[in-house]
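*Asks:* Once you've had a glance at the structure underneath, I'll fire off some questions.
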Amino acid sequence: MRPGWNPTRRNKHVGTKAHGHGDDNRMVVPEAWGEYFLEQLGSHVLVKRQINGREMLFFVQPTRPGHFYPCSIDDICKVLAGCPDEVMAAFDFIVLRQPTRKQGILQPVWGRAAYRYEIRKQRGAAVIIEAQMSDSYIWSKSTNPEQARELKRLRQDGHQIEVTRRGVQVTRTAQSSRNTILYRTLLHEIGHHLDMNRSTYEEWAAKTQATKEDYAHRFAAELYARLEQQAVVPFAPILDEIAMAQDGLDLAWFHSRDSVTTS
């Protein structure tokens, strides 16, 4: 072996996914039909609400400084109260979750549909809403058609979209984030649950991710239009500090500096 020669430098896969880099910290969202995903929320509050005669469980994790849930439990209950029975029967509980710092960097999302979820010995299908920040983030200028459609939806939600030298800058506020979470993400994730419930295992497994996303986007848009026609949405934020305290909730978890407080 010649002096100074390092054979690892000849392997173009060193330090890449193909060489196993990152296998120990990859974040995988559990798929349907598998084992129950056990969520370790740590400190959290359990809140129970009656919606159209059905008890709905909310598991709420405290937020870190700078983070907040863009909509309150009462906001969510008001939207769900206007939904058809099939919508309410599509899932079992709702989790308001503070993502870890690592997840916030590597895999930031508005929400998730967890098809098999376990917490506090409760098992079932969950809609997960994740805490957000009022800030700006950058998208690449090279967007595919689905990303371009999502930017359009974000603009309709009230986010400021601006093309800069670095890329496409998305600036979110408390109000625009509330529009995205309450009027789109919540309904979108329920759409995923309905899509799975209406499918056999074989049908669900055969669907591509793009097909599933198209269904959920379409379902959310159609359900919102129906709720809007019924004058259920939109509505002002419901932030009752006294009622929250009685449930063990902190107003600060649902309140950003640019939020408007009503009670």
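*Asks:* I'd like the full set of residues that are assigned to a helix (DSSP H, G or I) and either touching a helix residue (DSSP H, G or I) at 6+ places or on another chain (Cβ under 9 Å) or surrounded by 15 or more Cβ atoms within 10 Å (Cβ to Cβ) (or both), limited to the stretch 190-210.
*Replies:* Listed by number, the residues that qualify are I190, G191, H192, H193, L194, D195, M196, N197, W204, A210.
*Asks:* Spot the failing condition for Q147; the list is (1) more than 28 Å from A236 (Cα to Cα); (2) open to solvent by 10 Å² or more (accessible area, probe 1.4 Å); (3) touching a strand residue (DSSP E or B) at 6+ places or on another chain (Cβ under 9 Å); (4) touching a residue at least 12 places away in the same chain (Cβ under 8 Å), and only one is missed.
*Replies:* (4)
*Asks:* Also: Filter the stretch 51-69 for residues that are in a strand (DSSP E or B), open to solvent by less than 30 Å² (accessible area, probe 1.4 Å) and not aliphatic (A, V, I, L, M) and give the result.
*Replies:* Once the filter is applied, which keeps residues that are in a strand (DSSP E or B), open to solvent by less than 30 Å² (accessible area, probe 1.4 Å) and not aliphatic (A, V, I, L, M), the stretch 51-69 yields F58, F59, F68.
*Asks:* Working only within the stretch 156-171, note down all residues that are hydroxyl-bearing (S, T, Y) and within 22 Å of Y183 (Cβ to Cβ).
*Replies:* Selection gives T171 alone.
*Asks:* For the stretch 214-240, enumerate the residues that are open to solvent by 30 Å² or more (accessible area, probe 1.4 Å), within 17 Å of W110 (Cβ to Cβ) and aliphatic (A, V, I, L, M).
*Replies:* A221
*Asks:* Could you please find all residues in the stretch 150-167 being open to solvent by less than 10 Å² (accessible area, probe 1.4 Å) and at negative phi?
*Replies:* Matches in the stretch 150-167: L154, H159.
*Asks:* Can you find a residue in the stretch 174-186 that is at pLDDT below 95, in a loop (DSSP other than H, G, I, E, B) and within 16 Å of the chain's Cα centre (by Cα)?
*Replies:* Within the stretch 174-186 (the criterion being at pLDDT below 95, in a loop (DSSP other than H, G, I, E, B) and within 16 Å of the chain's Cα centre (by Cα)), the answer is no, since none of the residues qualifies.
*Asks:* Those residues that are more than 23 Å from M133 (Cβ to Cβ) and open to solvent by 10 Å² or more (accessible area, probe 1.4 Å), I need them from the stretch 84-122; list them, please.
*Replies:* Selection gives P84, D85, E86, M88, A89, D92, Y115, R116, E118, R120, K121, Q122.
The values are calculated or read from the model by the stated rules, or taken from the named source; none is laboratory data. If you're wondering where the values come from, they're calculated on a predicted model, not measured in any experiment. When we count neighbours, we look across all protein chains shown, and the Cβ atoms used for this are built from the backbone with ideal geometry, even at glycine. For the accessible areas, the whole protein counts, side chains as well, though only heavy atoms, and no ligand, DNA or RNA atoms are used. Shrake-Rupley method; radii C 1.70, N 1.55, O 1.52, S 1.80 Å.
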